[in-house]
Amino acid sequence: MSTSLIERVRERLAAESGPLRPNVVAEAIRAESSGVLGGIEVLNNLRLLQTELTGAGILEPLLCAEGTTDVLVSAPDSVWVDDGSGLRRTDVRFDDETAVRRLAQRLALAAGRRLDEAQPWVDGKLAGVGAGSFTVRLHAVLPPIASAGTCLSLRVLRPATQDLAALVRVGAIASEAVPVVGDVIAARLAFLVSGGTGAGKTTLLSAMLGAVAADERIVCVEDAPELAPVHPHLVNLVARYANVEGVGEVTVRDLVRQALRMRPDRIVVGEVRGGEVVDLLGALNTGHDGGAGTVHANSPAEVPARLEALAAVGGLGRSALHSQLAAAVRVVLHVGRDGAGGRRLEEVAVLRRGDDGLVSAVSAWHADRGFDRGMERLTDLIMARRRA
């Protein structure tokens, strides 16, 4: 199959709104070849195009390998993978820059997005990767924005199904911290899980939700489907990007508002990354105890400042944010990587409002230091909930 025919077929398929099933691709081949190809030729070209137009090509084995969290392409001969032990360079090589660009544009097409000179970057989701077992978050940037060549970043979003016992067994939660985590859940204290990218925030949140009482209804709102706790009464709401025409978007903020109408016992936002923090805090201040979410931060001490920045996007000022935060969220659990690159619960902190009206985090337990001065405050909160 000639390169020009591939390009013509790709352009035709770009107008397709549904999945690229074999019959759809075969019909595009016939149309763009003016019907001169026979059945065997169409079948052969279909096999070639299925490799060319579907899946992640030579990156597919890396994405499907157990433990992979990220696959990054910086240049045709620079492909990196993070499988839980930090980034390492692989032996995977593309033929040239054109091959990388072609793959990036193909994945953008599969995500229902546009990637070309007029729109030189893309952010989207690829569902059903690896025999439908997980979702991939796609980001790509084309030259000349990416001066060294097309950059492709793929984040693997596997459903987080591990429970607390499994995290304890692998050393992700220290044994002395287990009762603290369990008490936070049982006392229905609202909490946030903080940490860096790929530190295990979603894994810990999902495990904690799995320990919620079976008679409580959990409504989870996510940008991509990751939370999959083993719980009998779980409702998952997943946001949706706009299509290539720019319509059909459903935001996390939209879904938080919908969750309020679904009789939730606990409202959970998989990742607080924008104005939805305003709606989440509002929900937690209207009788919905025990809510939770994750947020990017380098430490519990930085969580209030991080939420300030996000709340500003949602139109909430600094003093109002701290007032809402003080009334809504009680605990921050921080995850990170140990010296060997493994993920672990590093710190549990309690939020406290000072005389100046601002909220700060006080450490209650640390993986390296043990119990700290905030533990007394956390214990008081837990006992107050038990008495209530």
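The values are calculated or read from the model by the stated rules, or taken from the named source; none is laboratory data. This structure is a prediction, so every number in the text was calculated from the model and none was measured. Note that we place each Cβ from the backbone using ideal geometry, even for glycine, and neighbour counts take in every protein chain shown.
What is the one condition in (1) touching a helix residue (DSSP H, G or I) at 6+ places or on another chain (Cβ under 9 Å); (2) among the basic types (Lys, Arg); (3) more than 20 Å from Ser206 (Cα to Cα) that Arg261 does not satisfy?
Unmet condition: (1).
So Ser206 ticks every box in (1) of a type outside the set (A, V, I, L, M, F, W, C); (2) over 14 Å from Ile267 (Cα atoms); (3) in a helix (DSSP H, G or I) but one. Which box is left unticked?
It is condition (2) that Ser206 fails.
On the given criteria, is Asp289 under 19 Å from the mean Cα position of the chain (by Cα), within 29 Å of Val235 (Cβ to Cβ) and of a type in the set (Asp, Glu)?
No; evaluated as a whole, the condition is false for this residue.
For the range 156-165, give me each residue that is out of contact with any helix residue (DSSP H, G or I) (no Cβ under 7 Å at 6 or more places or on another chain) and at pLDDT 90 or above.
The one that is out of contact with any helix residue (DSSP H, G or I) (no Cβ under 7 Å at 6 or more places or on another chain) and at pLDDT 90 or above: Ala165.
Give the range 161-188 a look and list any residue that's surrounded by 21 or more Cβ atoms within 10 Å (Cβ to Cβ) and within 22 Å of the chain's Cα centre (by Cα), or say none.
Leu167, Ile173, listed by residue number.
For Val79, work out the one condition from (1) surrounded by fewer than 20 Cβ atoms within 10 Å (Cβ to Cβ); (2) free of Cβ contacts under 8 Å to residues at least 40 places away in the same chain; (3) over 25 Å from Val9 (Cβ atoms) it doesn't fulfil.
Going through (1) surrounded by fewer than 20 Cβ atoms within 10 Å (Cβ to Cβ); (2) free of Cβ contacts under 8 Å to residues at least 40 places away in the same chain; (3) over 25 Å from Val9 (Cβ atoms) one by one, Val79 breaks only (1).
Within the range 113-141, count every residue that is surrounded by 21 or more Cβ atoms within 10 Å (Cβ to Cβ), basic (Lys, Arg) and assigned to a loop (DSSP other than H, G, I, E, B).
Count: 1.
What number goes with the only condition from (1) at pLDDT below 90; (2) part of a loop (DSSP other than H, G, I, E, B) that Pro144 does not pass?
Among (1) at pLDDT below 90; (2) part of a loop (DSSP other than H, G, I, E, B), Pro144 violates only (1).
Sort out which residues of the range 148-188 are outside any loop (DSSP other than H, G, I, E, B) and within 30 Å of Trp80 (Cα to Cα), and write them in order of number.
Listed by number, the residues that qualify are Cys151, Leu152, Ser153, Leu154, Arg155, Val156, Leu157, Ala160, Ala166, Leu167, Val168, Arg169.
Yes/no matrix, rows are residues, columns are (1) within 30 Å of Gly171 (Cβ to Cβ); (2) crowded, with 19+ Cβ neighbours inside 10 Å; (3) outside the structural domain of Ile267 (by TED's automatic domain parsing); (4) among the aliphatic types (A, V, I, L, M):
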| position | (1), (2), (3), (4) |
| --- | --- |
| Thr203 | yes, yes, no, no |
| Gly210 | yes, yes, no, no |
| Ile218 | yes, yes, no, yes |
| Pro229 | yes, yes, no, no |
| Val250 | no, no, no, yes |
| Asp254 | no, no, no, no |
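State all residues of the range 192-201 that are buried (at least 24 other Cβ atoms within 10 Å of the Cβ) and either more than 11 Å from the chain's Cα centre (by Cα) or of a type in the set (A, V, I, L, M, F, W, C) (or both); if no residue qualifies, say none.
Leu192, Val193, Ser194, Gly195
Could you list, in sequence order, the residues of the range 334-388 that are more than 27 Å from the chain's Cα centre (by Cα), within 25 Å of Leu307 (Cα to Cα), small (Gly, Ala, Ser) and outside any loop (DSSP other than H, G, I, E, B)?
Of everything in the range 334-388, those that are more than 27 Å from the chain's Cα centre (by Cα), within 25 Å of Leu307 (Cα to Cα), small (Gly, Ala, Ser) and outside any loop (DSSP other than H, G, I, E, B) turn out to be Ala364, Gly374.
Test each condition in (1) outside the structural domain of Glu222 (by TED's automatic domain parsing); (2) in contact (Cβ under 8 Å) with a residue 12 or more places away in the chain for Ala174 and report the one that comes out false.
(1)
Please go through the range 243-275 and give me each residue that is in contact with a strand residue (DSSP E or B) (Cβ under 9 Å, 6 or more places away or on another chain), of a type outside the set (Val, Ile, Thr) and not in a helix (DSSP H, G or I), ordered by number.
Residues satisfying the conditions are Gly248, Glu249, Leu260, Met262, Arg263, Pro264, Asp265, Arg266, Gly270, Glu271, Arg273.
Hey, among Glu276, Glu222, which residue is crowded, with 17+ Cβ neighbours inside 10 Å, more than 30 Å from Ala384 (Cα to Cα) and not small (Gly, Ala, Ser)? If you could, list the steps in order and put the result at the bottom.
Working: Glu276 fails: more than 30 Å from Ala384 (Cα to Cα).
Only one candidate passes the filter, namely Glu222.
Looking at Val331, Val268, Val272, Val278 in this structure, which one is under 23 Å from the mean Cα position of the chain (by Cα) and without any contact (Cβ under 8 Å) to a residue 60 or more places away in the chain?
Val278
Has the range 53-70 got at least one residue that is of a type in the set (Asp, Glu) and at pLDDT 90 or above?
yes
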